[in-house]
Each structure stands twice: as structure tokens, then as C-alpha cells.
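The values are calculated or read from the model by the stated rules, or taken from the named source; none is laboratory data. As the structure is a computational prediction, the values presented were derived from the model and not from experiment. Every residue, glycine among them, receives a Cβ derived from its backbone with ideal geometry; neighbour counts consider all protein chains shown.
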Amino acid sequence: MQLLDGKKAGQAIREEIRLQVAQRLSEGKKQPHLAAILIGHNGASATYVGAKVKACEEAGILSTLLHYESDLPEHTLLEKIESLNNDPDIDGILVQLPLPKHIRESAVIHAIEPSKDVDGFHPVNQGLLMQGQPGFIPATPYGIQLLLQHYQIETAGKEAVVIGRSNIVGRPMSVLLSQPGPVGNCTVTLCHSKTTDLAGHIRRADIVVAALGQPDFVQANMIKPGAVVIDVGITRVENPTKKSGFELKGDVDYTNVSPLCNWITPVPGGVGPMTIAALLKNTLQACQQKDT
Ligand code: NAD
């Protein structure tokens, strides 16, 4: 078993970005600038946004964190996004999900100018992805693509099973794996909560991407020996022995699955750091697009 180490691969990508940003600055070009919006006091969301802002700083990307109370009216948020859309200094905008119930996620995603949509959630970017055209790829599937590329995992002709069909992880992941080109050319099965004989599908897979958000769901008896296993899930599970009072669990039973795999991502330290690296890549790309 070999580790798909997202910390290491993510660090290497972030270092490349840092050098590219430094090069831009030495040429007198604009410094990339990300605006991150956080609403409310969800601990996990605050941690993710904090990690993104810190990674920006380390790579030389400016970041502005806008933190609002959870009773922020939807129209005020949409106005804020509009002003960021019109601000020439802002290259990328991300709104950390999930949102409070009174705010429509789709209205917020639609409000972000596609050329600043570094999370790749806007229908324009998702449409471009479907058509295999350049655009912003959602950060988590993009990060997984970069991780597979970093470790030179052969994907062409392989059977891939993606578990979970969300617009931000599972569905775009299935599109990336099936498209022509490097880290593609797989035959993809997209599984979800209504799939029958899920274990049977997973057992045939050379590459498994688990993105359902159910701790330890993927068990050793579902895995084809030699498979590549990507664990996207992050669930906070109470654990009084930990200082924080919780531990992070992936969707894969790592202890029993890992001995069977050729490659596997750990949780934490697998897909999470790659998501951040991919977000930084998208932010740099958003800034580069403005160069004339
Ligand atoms: P989601 O809740 O939007 O989607 C979950 C999907 O899993 C759904 O499509 C559903 O059909 C499917 N599903 C649920 N139960 C199932 C079951 N028993 N069998 C088969 N399919 C089932 O979640 P999401 O936003 O796609 O996130 C999935 C997981 O990935 C979560 O744990 C989330 O925290 C994690 N995540 C991690 C990162 C990262 O950077 N590592 C980024 C995004 C999401």
C-alpha cells in the first residue's frame, strides 16, 4: 500500500504557486486577491475558511475574509457579492457552504460572476466542465485530479466508481474521470443513495472515490485488491479522548481497507489539503486571465 499524501502533494503545488506569484510581482503584475465570505459560527466552516486564508498568505495571494452573523439577510449577501463582482482588485470570490437555511444556496452561487467563481460552482463553469472546455473546476475534484497527476496514477481504461452525486464533488469528479486526457479516460459509474448493489459496483472498481459523508462506509469486503481509493469524506465524530472533543473520519474504513489497496488517501491529510491547493490554483488563474 502506498499513500496518496495530499499534504506533500499540496505543499509542492502551493510552492509552485508561490513562485509564480513572486514572479508576477517582480514583473509588476497584479497580486492575486481572494475574497472569502463566511456566515455564522459553524466550527468546521470557520476551520476550512481559516485554512484557505492562511494558505493564500503563504503563497503570496492576498485574501480578505468577510465574516457575517448568521441572521444576515439574503439580499444583503447578494449585494455584497455584487460589489465584489464589480471590484477590479478582487480576482476570486468564495462563499463557504453550508449557508443558513434562510439563504438560498443557488441564488448565492448564481450571483457570483463566473470569471471570479474560483470554487467552480456557477452553472457557467459547470457547463464548461461538462463540455471539456477551460473554466474553473470545483476545487475538490480538481484537487483529486492534481493528486492523481502528482503520483502519476494510470487512469486510462480503468473502471472508476464515484460514490455521491453532489454538484460540488461527486458529479464533477465523474465528469473529470471520464473525459479524455490525463487523469481521465476511465469508464465511470456514478453511485448514490438510490444505487442498488452498491458493494457490487465498488468491488469491480480499479479506482474508488468515496464522497458520501458516512464515516467508515466503504469496508474491506467491498474493495478489489490493488484498487486506488480516494476518501473525500470528512465527518466530525465525537471523541472525548481528543482535546477538541472530536475526530475527523473519512468515508473509508482505512484500517481494514488500506492493506488491500495499491494507493489510498488518508483522512486527514489526503483530499483536504488538495482542495486548498486547487483553490489557490483557480485564484491564480482568475488573476492571470486579466493580464493583457
Ligand atoms: P452531499 O451530502 O451533498 O452529497 C452526498 C452524496 O452521497 C449524495 O449524492 C447522496 O446520494 C450520496 N449518498 C449518501 N448516502 C449514501 C449511501 N448510503 N450510499 C450511496 N450514496 C450515498 O455531500 P458532499 O458535499 O458531496 O460531500 C461529501 C463528503 O465529502 C462530506 O463528508 C463532506 O464533508 C466531504 N467533503 C470533503 C471535502 C474535502 O476537501 N476533503 C470537500 C467537500 C466535501
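At a glance:
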| quantity | calculated |
| --- | --- |
| All strands (runs of 3 or more DSSP E) inside region 198-257 with 3 or more residues being farther than 24 Å from Cys186 by Cβ | 235-238, 246-249 |
| Helices (runs of 4 or more DSSP H) wholly inside region 9-115 containing at least 3 residues that are of a type in the set (A, V, I, L, M) and in contact with a Pro (Cβ under 9 Å, 6 or more places away or on another chain) | 43-59 |
| Count - residues of region 211-232 that are away from the ligand (no atom under 11 Å from the Cβ) and among the small types (Gly, Ala, Ser) | 3 |
| Single match in Thr235, Thr241, Thr195 (criterion: within 9 Å of the ligand (Cβ to nearest atom), among the polar types (S, T, N, Q) and over 23 Å from the mean Cα position of the chain (by Cα)) | Thr195 |
| Region 101-129 residues that are outside the structural domain of Leu38 (by TED's automatic domain parsing), paired with ones that are of a type in the set (D, E, K, R) (beta carbon under 6 Å, 6 or more apart) | Asn125/Asp117 |
| Test for Val188: is it modelled with pLDDT under 95 and surrounded by fewer than 23 Cβ atoms within 10 Å (Cβ to Cβ) | no |
| Candidates Ile207, Ile168, Ile153, filtered to the one that is on the phi < 0 side of the Ramachandran plot and near the ligand (Cβ under 9 Å from one of its atoms) | Ile168 |
| Among (1) within 16 Å of the ligand (Cβ to nearest atom); (2) modelled with pLDDT of 95 or more, the one test that Ala44 misses | (2) |
